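*Asks:* Sharing a structure here in structure tokens format.
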Amino acid sequence: MSSNEKEEAGPGEEEEIVIDIIETPRGRVPEFDSTFRALEKISARLLEQDEKIERALSRISSGQLSSTELKTILETLESIREDLSKLSKRLEIIEDNIGEMYERLNLLDYLADIVERYLRSLEG
């Protein structure tokens, strides 16, 4: 699998985030680098949405909006809310994947310790 990234999505549009999977003898494991890139992409999207909210609030508080602009801003804010909800769900999935990676790394460490002790016993 490879990480195919789309151009940046607008408000309310779906943006693909792909996490590569590594096949191991113990099963499929999320790849660390692609997981890290996914988290960076999500963080960047959240910051972008935060900046849009700040600009909208600034314009609203200054009272320099026509009814058309106000309607557009309200629609944008609703789209941003939807985006944040989707991103929150994605973050939960990524957190689960990271938890799985952590468990598998612990298992690998445990197995490495067993192998190391076995090899030492053969030497001794």
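Nothing in this text is a laboratory measurement; each read-out follows from the coordinates by a stated rule. This structure is a prediction, so every number in the text was calculated from the model and none was measured. Here the Cβ positions follow ideal geometry from the backbone for every residue, glycine too, while neighbour counts run over all protein chains shown.
*Asks:* Please go through (1) of a type in the set (D, E, K, R); (2) loosely packed, with under 14 Cβ neighbours inside 10 Å; (3) not in a helix (DSSP H, G or I) for Glu51 and return the number of the only condition it doesn't satisfy.
*Replies:* Checking Glu51 against (1) of a type in the set (D, E, K, R); (2) loosely packed, with under 14 Cβ neighbours inside 10 Å; (3) not in a helix (DSSP H, G or I), the one that fails is (3).
*Asks:* May I ask you to say which residue of Ile53, Ile80, Ile60, Ile73 is among the β-branched types (Val, Ile, Thr) and either within 26 Å of Phe32 (Cβ to Cβ) or in contact (Cβ under 8 Å) with a residue 40 or more places away in the chain (or both)? Outline the logic, then answer.
*Replies:* Numbers: Ile53 fails: either within 26 Å of Phe32 (Cβ to Cβ) or in contact (Cβ under 8 Å) with a residue 40 or more places away in the chain (or both); Ile60 fails: either within 26 Å of Phe32 (Cβ to Cβ) or in contact (Cβ under 8 Å) with a residue 40 or more places away in the chain (or both); Ile73 fails: either within 26 Å of Phe32 (Cβ to Cβ) or in contact (Cβ under 8 Å) with a residue 40 or more places away in the chain (or both).
None of the others qualify; the one that does is Ile80.
*Asks:* Within the group Ser121, Ser58, Ser62, which residue is over 24 Å from the mean Cα position of the chain (by Cα) and surrounded by 10 or more Cβ atoms within 10 Å (Cβ to Cβ)?
*Replies:* Numbers: Ser121 fails: surrounded by 10 or more Cβ atoms within 10 Å (Cβ to Cβ); Ser62 fails: surrounded by 10 or more Cβ atoms within 10 Å (Cβ to Cβ).
Only one candidate qualifies: Ser58.
*Asks:* For the stretch 61-80, give me each residue that is touching a helix residue (DSSP H, G or I) at 6+ places or on another chain (Cβ under 7 Å) and within 17 Å of Gln49 (Cα to Cα). Even if it seems obvious, please write down each step before you answer.
*Replies:* Of all residues in the stretch 61-80, those touching a helix residue (DSSP H, G or I) at 6+ places or on another chain (Cβ under 7 Å) come to 65, 73, 76-77, 80.
Ile73, Thr76, Leu77, Ile80 - these are the residues of the stretch 61-80 that are touching a helix residue (DSSP H, G or I) at 6+ places or on another chain (Cβ under 7 Å) and within 17 Å of Gln49 (Cα to Cα).
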